[in-house]
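> Can you read through this structure? Questions will come right after.
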């Protein structure tokens, strides 16, 4: 069997990697908490004013097709969606529970004014309807672009690519 | 689109945040391993002598109601429970598998004698009965209060708030 | 209630623990992405040339029995398996989605030539067949032995111990 090799030392680059992944994990945990506790107004706060939020089936994503289940192109559209789900859409209520894996930082792109962080994370959302058992509702991958605003991480874009074309009933709340 | 902003530097505070989250994640991984490997006697060791352990439906938790499915108010009561599940309760056996998301540290409260760490984590527990397939068993959120005892993190309180009022058969083992 | 104790300081040992766990988490996220995106040729690259890859039911593992569902004893055998699943095996296609919990480093064994890192992580794999809903497919635990090759973490051995003897249809792709 291949003899073991030495551990690489903890360098400045390693610390930077730790720090970036930590920020994304902390962000995702707070994001999940907001949705799972139905604090939809807080959900808006995870995005920049001109951010995009998309929920798309993997079938379309993999083929490069544009059709999304949800495609919101600004915080204003997200606000409208939140109004819809809390005030106007008639639907059977359900609880969500997100379990998000540790994130995977893809790239930190440096520009003249700052940095754009590209990251991914796998997620599983479980749904519980009143009186029912918890079920697998939506599983997939977040494809994210972050930047920092006043020192806090914000989404420029979150693209939720889910594996199943078949949605249990309908997807009302953002994932 | 909003131009990217600079990454905040890795400061002492960032390192402290990394370190706290890491401790909780490591704790949760060890906690899950103890339960999933059915080392129930080890499970006791994650708690302080006067710790509380509660398992409560979200319906009751959200309404501020006190009723819990399990409410143990000391390590002694936990020991009794472990005796029950291993020696006296007649039940169909099953395996558990915990998948716990990266933790979310809420607060580090400093007191005269030390610190109390408040943290949360989403969990999914899968159940497998002999000869059966793995099923979603219990999903929810750990609401935790930790402190340190001789340098090791210990639970003062773990409150498991699960989403489904409906339990598949019954919940025998702690989650 | 037990009074709170002081937080242990962030030492060299703590930083080393952070760094090791981070490397494994990052590895697992990249490993999951390769499989979930069906980049099976990339999957090979996570292993050393003489690495072992096993998928075994918990029933057998717990009894110390040798029988595995899959037992590959080198990268060559893995390559053959990849050829099989992509070119020759006739099977219904499905998507996988891995949600892997933060890893649990068990031991860093130092030898004359380098280090061997033993770690574990709980995983849940969800399966989605075309036109179907996402289902719990395979849940279990990775038992891993890593070493470093040119500074990159590589598996000497990954042992996937899954909870259910009952596999939905069959397990075609590696988990």
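> Run the label-point distances for residue C:76 please: 7 Å along Cα to Cβ, every other copy, nanometres, shortest first.
Result, one decimal in nm: 6.5, 6.5.
> At 222 nm, what helix-only mean residue ellipticity would chain B give, in deg cm²/dmol to the nearest 500, using -39500 (n - 2.57) for each DSSP H run of four or more?
My calculation for chain B gives -7500 deg cm²/dmol from helical runs alone.
> Another one. What ranking of B:159, C:71, B:91 emerges when the number of other C-beta atoms within 10 Å of each C-beta is taken as an exposure proxy, fewest first?
So the residues, fewest neighbours to most, are B:91, C:71, B:159.
> I would also like to ask the following. Average the reciprocal distances over every distinct pair of alpha-carbons in the stretch C:25-89, invert the result, and give the Kirkwood radius in Å.
Taking the inverse mean of 1/r over all distinct Cα pairs, the stretch C:25-89 comes out at 13.0 Å.
> Moving on to the next point. With labels modelled as points extended 7 Å from the Cα through the Cβ direction, what inter-label distance (nm, one decimal) is found for residue B:16 paired with residue B:90?
That separation, rounded to one decimal, is 5.6 nm.
> For a test of the definition: using alpha carbon positions, the gyration tensor, and the 1.5 limit on a/c, classify the stretch B:1-53 as rounded, prolate or oblate.
The shape class here is prolate.
> Can you report the principal axis dimensions of the stretch A:50-122 using only the alpha carbons, biggest first, rounded to whole angstrom?
The Cα atoms of the stretch A:50-122 stretch 45, 27, 27 Å along their principal axes.
> Once a ≥ b ≥ c are taken as the square roots of the eigenvalues of the Cα gyration tensor of the protein assembly as shown, is the result rounded (a/c under 1.5), prolate (a/b larger than b/c) or oblate (a/b not larger than b/c)?
Judged from the Cα gyration tensor, the protein assembly as shown comes out rounded (a/c under 1.5).
> Moving on to the next point. Compute the distance in nm between two label points, each set 7 Å from the Cα along the Cα-to-Cβ direction, one at residue C:50 and one at residue A:109.
With each label point 7 Å from Cα toward Cβ, the separation is 4.4 nm.
> Still on this model: Pick from A:105, A:136, A:82: which is most flexible by mean-square fluctuation in a GNM of chain A where alpha carbon atoms under 10 Å apart are linked?
A:136
> Show me the three semi-axes of the equivalent ellipsoid for the stretch C:49-175, from the C-alpha gyration tensor (sqrt of 5 times each eigenvalue), largest first, rounded to whole Å.
27, 17, 15
> Now for a different question. Considering chain C as a Gaussian network with a 10 Å cut-off on Cα pairs, which listed residue, C:94, C:142, C:123, attains the greatest mean-square fluctuation?
Comparing C:94, C:142, C:123 in the GNM, the peak value goes to C:94.
> Under the convention of a label 7 Å out along Cα→Cβ, give the distances in nm from residue C:150 to the same position in every other copy, shortest first.
Result, one decimal in nm: 4.7, 4.7.
> Moving to a separate point now. If you count the DSSP beta bridges with both ends in the stretch A:47-175, what percent of them are antiparallel, to the nearest 5?
85
> In nm, what does the list of distances from residue A:110 to its counterparts in the other copies look like, shortest first, when each label sits 7 Å along Cα to Cβ?
Label-point distances to the other copies, shortest first: 3.5, 3.5 nm.
> Please compute the contact order of the stretch B:1-111 in relative form: average sequence separation of alpha-carbon pairs under 8 Å and at least six residues apart, divided by the residue count, as a percent.
So the answer I get is 29 percent.
> If I model a spin label as a point 7 Å beyond the Cα along the Cα-Cβ vector, how far apart are those points for residue B:1 and residue B:60 in nm?
4.8
> Can you give the angle from 0 to 90° between the axis of helix C:12-36 and the longest principal axis of chain C, with both taken from C-alpha atoms, to the nearest 10?
Here the helix axis deviates by roughly 10 degrees.
> Give me A:63, B:141 sorted ascending by neighbouring Cβ count inside 10 Å, so fewest comes first.
A:63, B:141
> A further question on this structure: Sorted from largest down, what three extents in whole angstroms do the Cα atoms of the stretch B:1-111 have along their principal axes?
63, 37, 33
> On to the next question. Could you identify which residue out of C:54, C:156, C:26 has the top mean-square fluctuation in a GNM of chain C using Cα springs shorter than 10 Å?
C:26
> What is the average number of partner chain Cβ atoms found within 10 Å of a Cβ in B:151-159?
That works out to 2 on average.
Every number here is computed from the coordinates shown, using simple stated rules; none is lab data. Fair warning: this is a prediction, and the values are worked out from it, not measured in the lab. Heads up, the Cβs are rebuilt from the backbone with ideal geometry, glycines too, and the neighbour counts pull from every protein chain shown.
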